[in-house]
C-alpha cells in the first residue's frame, strides 16, 4: 500500500474526528512514551476496550451520535461506536486505521436484547483494521473486561500483530462468536447503508425513539441463572 493510500486512513473525517482536542488528549495520554506504533496501538486498544462501556442499547438515531468525540464524551457505546473511537484515537497518533464490518452469530446477548432484536444474527458488527508492521491487523475493542466477567467469557486480547476479532470461546471453552458475512472496509462510517440494514433487520428495536435496558444487570442475572 502506497503512502498516499495510507494517508487516507490517517485523515480526520466526519465520524472519525481524530483532530478533535479530546480525542487527541485521550489518545496521547494512553499511547505512552514509546515511538513504536505497535506498542501505542495496543495501549490505545485496551484504553478504548475497558474505559468505554459496551452498551447495545446505545445505538444513536442521529449521525452526530456516532462521532468519535461524542462516544468518548458519553463513555459508552456499542461495537460500531467503539470501533469508530478506536480508529480516531489511532489516527490521532498517525497510525493508519479503517473500519471493518461483518454479520456475526453467537454475539454476546441476553434474552431481553435478543427478543428486542428478534434474531441472534448481528448485522454490521464493527471492528477496527489497523496498519501495523506493514500489514492490516484487525482489532475488536467491543466488550470491556467488566462486562466479560459478568457474562463469564474471556475478553479479546490484542498484541498488535495478530487479528483479534473472533471471540471464539467463552470461559468454559465453548464456541461463541461466528463471522458469517463480510461487508468490507471503509475510510469512514457508511452510516446510511449501515442504519438501513439495522432498521430492516431489527424493526422491533427501532419501534420507539429510545431503547433502554441495563445490559450489565441482564448479564449478571443470566450468569447467575446458569450457575444455579
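Any read-out appearing in this document is the output of simple, stated calculations on the displayed coordinates, not a laboratory observation. Since the model is a prediction, treat every value here as computed from it, not as a measurement. Because the Cβ atoms are built from the backbone with ideal geometry, glycine has one as well, and the counts that use them run over all protein chains shown.
Side notes on the structure shown:
- Burial order of peptide ranges 185-196, 147-158 (average beta-carbon count within 10 Å, highest first): 147-158, 185-196
- Highest average first, the peptides 72-83, 28-39, 132-143 ordered by how many other beta carbon atoms sit within 10 Å of their residues are 72-83, 132-143, 28-39.
- Antiparallel DSSP beta bridges within the chain, percent to nearest 5: 90 percent
- A Förster distance of 41 Å, applied to the separation of the beta-carbon atoms of residue 64 and residue 39, puts the FRET efficiency at 0.80.
- Per-residue ellipticity at 222 nm, computed for the chain from helices alone with -39500 (n - 2.57) per DSSP H run of at least four residues, works out to -12000 deg cm²/dmol.
- Between helix 215-227 and the chain: long-axis angle, C-alpha atoms, 0 to 90°, nearest 10: 50 degrees
- Efficiency of FRET between residue 180 and residue 154 - r from beta-carbon atoms, R0 22 angstrom, step 0.05: 0.55
- Angle in degrees between helix 37-51 and the longest Cα principal axis of the chain, rounded to the nearest 10: 30 degrees
- Label positions at residue 187 and residue 3, each projected 7 Å from the Cα along the C-beta direction, are separated by 1.8 nm.
- Helix 79-92 and the long axis of the chain differ in direction by around 10°, with both axes built from C-alpha atoms.
- Approximate spin-label separation residue 115-residue 19, in nm, with each point projected 7 Å along Cα-to-Cβ: 4.8 nm
- This structure gives Cα extents along the principal axes in Å, computed directly, and of (1) 52, 36, 31; (2) 50, 42, 32; (3) 47, 44, 40 that value is listed as (1).
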